[in-house]
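Scroll down for the structure; my scribbles are underneath it.
The values are calculated or read from the model by the stated rules, or taken from the named source; none is laboratory data. Note that the structure is predicted; figures quoted are calculated from it, not measured. No Cβ is skipped: glycine too gets one built from the backbone with ideal geometry, and neighbour counts run over all protein chains shown.
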Amino acid sequence: MTAVVLASGAVFVALAFAVGAVVAGLARFVPPSWFRASTPWALTILLPLACALTASLALFLPAPFGSCHCAAHDHHPHICFGHPALAQPLLVPASLLLAVWLVSVLPGVVRLAVGLLGSFRRIHAVRRLTPERVGETEVRFVDSGAAIAFTAGVRAPVIVLDRALWAALGERDREAVLAHERGHVDRADALTSLVLRACLALQPWLPWSLFERWQHAAELHCDRHAAERVGDPSAVAEALVSVGRLRAAHADTDPAHLGVFGASGLEDRVASLLEPRSAPGSARRNDVVAIVLPMLGVLALVMVWPGDLLHHAVETLLGLLHH
Amino acid sequence: MSSPPSPALGELETAVLDVLWSCPTALSVREVLTHVRRRPPLAYTTVLTVLDRLHGKGVVVREKEGKAYRYSPRVTREAWFGERAARALAGAAPGRDEAVLLAFLDSTERVDPELLDKLSALIAARRGGRAK
């Protein structure tokens, strides 16, 4: 019984690593101008886990509508709750692989969990500030001493604006900033960010740049969303530059924290607004929902239709690796 | 109402501010002294110094009553902690430090004034081109 569970777990890790290596390898050669929508970048982080989960479940729960085929093959180990003793040869290698994976992911998972606790505490404190309405949008104004405008929180995201920033911006800039933040709320980007961070913590071999590319693409979507609301992409580009100027007055950036886009992030966003052909649409769907729903469909299909096929394929692969 | 950004406070300053927040009216130094629970008890002059420091930082307001001052907090407890939390959130790198935060402009974005000038010129040129 233990061997069956450990073998399924080890298959999950091995496949996530293999698919992740392929995805990360391919992504390295993809120029930033190719995929400017956020969903493909979210997919690069979710796909390895989805493939691994499908194979692992197919192994763990073989052929729900079929019968056990253990007696029919003898060229590979069998992972089957009916005959757990047949999985015994996989016990040691599976345990070793899982142990290595757990040790490698533990620091990242703990760091993420601790960070999240702090984030949720801070967001809770921000949420208790008196809300004010700007048009139809509820915002929290703060006197932060920095040119900040952000959206935070998963369940009920809160939009936070610095009072001095707000006072310094013109009417069109304000409209653009608010519409951009509304875009993040509508797309539930904080939820996607959280899911992707959790998935990255489980796959320490994936490069951080995949997440940064998703983040940048999400910003492009929200810029486009703001451009549609304001009715003028140049107005959003101007708002970006205005906030950039106010930010420059408080610049104390640590170069070590610069992301994959570095100084080109702002430049690329402005260029995308001025060149609509190079920009993604204002997709309002949530990336996790857009990916997970079809994946669940594929998973259900794999479990029901080929039935034993995937289970048998993974067992054969294990047999090849084991011998 | 706009107020200055919330400065960092020491443990004693926070304890005194907690007393002011817990009372609906302005308090004298002696009243604060009776409410602060510390071991060993604080001296009158210590509380006076702390309140003076809080006033200097713009955290409390004071009004003269006879020969002494009465102190009250400038902002509510919620506003105080909310502002501090917002600053902490804003100073973080979205995604890397804060997994559930999306900023209009990344706080780690290096904003070069020359680049901003170049972008402004680009936007102006685009507007000019469209107007023709």
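All told, B:ALA79 falls short of being under 30 Å from A:LEU200 (Cβ atoms) and either assigned to a helix (DSSP H, G or I) or not aromatic (Phe, Trp, Tyr) (or both).
Out of curiosity, is B:VAL61 at the interface with chain A (Cβ under 7 Å from one of its Cβ atoms) and at pLDDT 80 or above? Spell out how you get there, then give the answer.
Details: at the interface with chain A (Cβ under 7 Å from one of its Cβ atoms): no; at pLDDT 80 or above: yes.
Here the answer is no, as B:VAL61 does not meet what is asked.
Just one of the listed residues (B:LEU51, B:LEU9) is at pLDDT below 90 and surrounded by 12 or more Cβ atoms within 10 Å (Cβ to Cβ), and it is B:LEU9. Pairs meeting the criteria (first residue in segment B:20-39 and under 12 Å from B:ALA68 (Cβ atoms), second residue hydrophobic (A, V, I, L, M, F, W, C) and outside any helix (DSSP H, G or I), beta carbons under 6 Å, at least 6 apart or on different chains) are B:SER28/B:ALA68. The test for being more than 13 Å from chain A (Cβ to nearest Cβ) and in contact with a strand residue (DSSP E or B) (Cβ under 9 Å, 6 or more places away or on another chain) does not hold for B:LEU33.
Exactly one residue out of B:LEU105, B:LEU51 is of a type in the set (A, V, I, L, M), without any contact (Cβ under 8 Å) to a residue 60 or more places away in the chain and not in a loop (DSSP other than H, G, I, E, B): that is B:LEU51. Can you confirm whether segment B:69-79 contains a residue that is under 30 Å from A:ALA113 (Cβ atoms), out of contact with any Gly (no Cβ under 9 Å at 6 or more places or on another chain) and of a type outside the set (A, V, I, L, M)? Looking through segment B:69-79, at least one residue is under 30 Å from A:ALA113 (Cβ atoms), out of contact with any Gly (no Cβ under 9 Å at 6 or more places or on another chain) and of a type outside the set (A, V, I, L, M). The residues in segment A:12-43 that are more than 17 Å from the chain's Cα centre (by Cα), modelled with pLDDT of 90 or more and surrounded by fewer than 20 Cβ atoms within 10 Å (Cβ to Cβ) can be counted, and the count is 4.
Among what's in segment B:4-43 and is among the small types (Gly, Ala, Ser) and part of a loop (DSSP other than H, G, I, E, B), pick the residue that is farthest from A:ALA164 (Cα to Cα). Walk me through it before giving the result.
Quick first cut of segment B:4-43, residues among the small types (Gly, Ala, Ser) only: B:6, B:8, B:10, B:15, B:22, B:26, B:28, B:43.
Next, from what is left, pick out any that are part of a loop (DSSP other than H, G, I, E, B): B:6, B:8, B:10, B:26, B:43.
Working: B:SER6: 14, B:ALA8: 20, B:GLY10: 27, B:ALA26: 29, B:ALA43: 40 Å.
Checked segment B:4-43; the qualifying residue farthest from A:ALA164 (Cα to Cα) is B:ALA43.
With respect to A:VAL185, is the statement that it is within 14 Å of B:PHE104 (Cβ to Cβ) and surrounded by fewer than 21 Cβ atoms within 10 Å (Cβ to Cβ) true? I'd like the intermediate steps shown before the answer.
Working: within 14 Å of B:PHE104 (Cβ to Cβ): yes; surrounded by fewer than 21 Cβ atoms within 10 Å (Cβ to Cβ): yes.
Spelling it out, A:VAL185 is indeed within 14 Å of B:PHE104 (Cβ to Cβ) and surrounded by fewer than 21 Cβ atoms within 10 Å (Cβ to Cβ).
Residues of segment A:109-138 that are among the basic types (Lys, Arg) and more than 11 Å from chain B (Cβ to nearest Cβ): A:ARG133 alone.
For the residues B:TYR44, B:TYR71, the requirement of being aromatic (Phe, Trp, Tyr) and surrounded by 15 or more Cβ atoms within 10 Å (Cβ to Cβ) singles out B:TYR71.
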